[in-house]
Amino acid sequence: MISMGKTRRRVSVGLCAAAVAAVLTAPAQATPQAVQAAQARTAQDRAVPSAADGGGPVWRLTPTGTDARFRGLAAVSRDTAWVAGSRGVVLRTGDGGRSWHDASPPGAEGLEFRDVEAFDGRRAVVLAIGEGEASRVYRTTDAGATWTETFRNTDPRAFYDCVTFFDRRNGLAMSDPVDGKYRILSTRDGGRSWRVLPSAGMPAAQPG
């Protein structure tokens, strides 16, 4: 389940009075459909507590169709967000969290997705964690209809944990320390390709 929150502003008494006065002075413009729509909005506003009423933000549980544990979240707008989690599950919403669609890479059921970085509703990069080849990076450009594996770790000592992007092209992924220093991956093409950065000059990781 995924919870999405939103708050509602209370319309001031003065604004309500102005709106009512406008309707009363221009009855020809107040169609039956407009009146019904206004009544519906008023009823909805009364039914939902707001922060101004002391009720705080309103949260609603949203069915996702899976019981996967989500660890990664990337919200790119008020409508579009991606989540990634256990058993290779990736979900995407385009309506502010009201509904979620399965956008999981095929054949990834054995992977643990820990992080997701999204650029819009079509392009995203997800990171799978784990020792050795369990650490992988996937990329989609068509809202999850297809995915391309763009990195697979071949060093059994590395364990990649997280990924981030500074813009649509430049990003980094980080592993637990190898030989006493953190291992960093770099991309300059939006996650299409990755290279391990040299660790020369990097301070040694602290014990533990």
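The values are calculated or read from the model by the stated rules, or taken from the named source; none is laboratory data. The shown structure was predicted, so the numbers you read here are calculated from the model rather than taken from an experiment. All Cβ positions, even for glycine, are placed from backbone atoms using ideal geometry, and neighbour counts span all protein chains on display. With ligands, DNA and RNA removed, areas are computed over all heavy atoms of the protein, side chains included. Shrake-Rupley method; radii C 1.70, N 1.55, O 1.52, S 1.80 Å.
Observations on the structure shown:
- Against the list (1) assigned to a loop (DSSP other than H, G, I, E, B); (2) in contact with a Lys or Arg (Cβ under 7 Å, 6 or more places away or on another chain); (3) open to solvent by 40 Å² or more (accessible area, probe 1.4 Å), the condition Glu149 fails is (1).
- Scanning the stretch 78-95 for residues that are polar (S, T, N, Q) and over 8 Å from the mean Cα position of the chain (by Cα) yields a total of 2.
- Taking the numbered list (1) of a type in the set (Lys, Arg); (2) open to solvent by less than 50 Å² (accessible area, probe 1.4 Å); (3) over 24 Å from Gly110 (Cα atoms) in turn, Arg139 passes all entries but (3).
- Pair list, Cβ < 9 Å and 6+ apart or interchain, from the stretch 151-170 residues that are under 16 Å from Ala128 (Cα atoms) to residues that are β-branched (Val, Ile, Thr) and surrounded by fewer than 18 Cβ atoms within 10 Å (Cβ to Cβ): Asp155/Val178; Asp155/Val196; Arg157/Val178; Ala158/Val178; Ala158/Val196; Phe159/Val178
- Residue in the stretch 72-82 that is exposed (fewer than 14 other Cβ atoms within 10 Å of the Cβ) and either within 23 Å of Ser186 (Cα to Cα) or in contact with a strand residue (DSSP E or B) (Cβ under 7 Å, 6 or more places away or on another chain) (or both) present: no
- Qualifying residue in the stretch 85-101 (condition: surrounded by fewer than 23 Cβ atoms within 10 Å (Cβ to Cβ) and in contact with a helix residue (DSSP H, G or I) (Cβ under 7 Å, 6 or more places away or on another chain)): no
- Meets criteria (closer than 21 Å to Ser199 by Cα, of a type outside the set (D, E, K, R) and modelled with pLDDT of 95 or more) for Ala134: no
- If you check Gly144, Gly191, Gly121 for being closer than 20 Å to Gly110 by Cα, touching an Asp or Glu at 6+ places or on another chain (Cβ under 9 Å) and in a loop (DSSP other than H, G, I, E, B), only one passes: Gly144.
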